[in-house]
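Below: one structure, written as structure tokens.
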Amino acid sequence: MDSARFEFSADADAGIFKFDFKAREHFAKKVHRRAVRLAPVSPPNNPHSGHLRRHIVIDLDAEAHYIGADVEYAAAQELGARPHFIPHGWGHDPGVHHPGNKAQPYLRPALYIQTLIEEADF
């Protein structure tokens with residue numbers, strides 16, 4: 001699966017995003033912090049625990065701001081995944097059958113919660 005991300009741009013239809021650059025930047029940073037807190041984490045004894053959280057990134061440029069996770073399973077965590085085969089592509093090991101997983105959203109709730117907070121402040 002691909003990475004998952006949101007875009008906040010000056011052209012967005014929602015009124016909350018019709019702010020100037022600094023206001024959009026401030027909003028995007030709040031959504032980023034909330035997404036990091038909401039991201040699912042493996043049990044502490046797992047050596048990869050917190051990997052998704054550590055890879056939630058924010059990209060701020062003049063036209064748009066992007067928040068997302070740059071790991072290959074980010075979209076599967078956000079949206080869920082059906083059972084599927086993951087080929088290894090090397091040696092004699094053909095790959096693994098992944099059982100799929102239920103959605104554990106962290107980006108959409110972060111955006112939704114922060115939008116509600118910002119709208120309440122108007």
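Scanning the range 58-69 for residues that are part of a loop (DSSP other than H, G, I, E, B) and within 13 Å of A35 (Cβ to Cβ) returns no hits.
Considering A64, A81, A28, A75, the condition of being touching a residue at least 60 places away in the same chain (Cβ under 8 Å), closer than 30 Å to E119 by Cα and surrounded by 13 or more Cβ atoms within 10 Å (Cβ to Cβ) is satisfied by A75 alone. There is at least one residue in the range 40-52 that is touching a residue at least 60 places away in the same chain (Cβ under 8 Å) and either surrounded by 14 or more Cβ atoms within 10 Å (Cβ to Cβ) or within 11 Å of the chain's Cα centre (by Cα) (or both).
Every number in this text was worked out from the coordinates using simple rules, so none of it is lab data. Because the structure is a prediction, the values reported are computed rather than measured. All Cβ positions, even for glycine, are placed from backbone atoms using ideal geometry, and neighbour counts span all protein chains on display.
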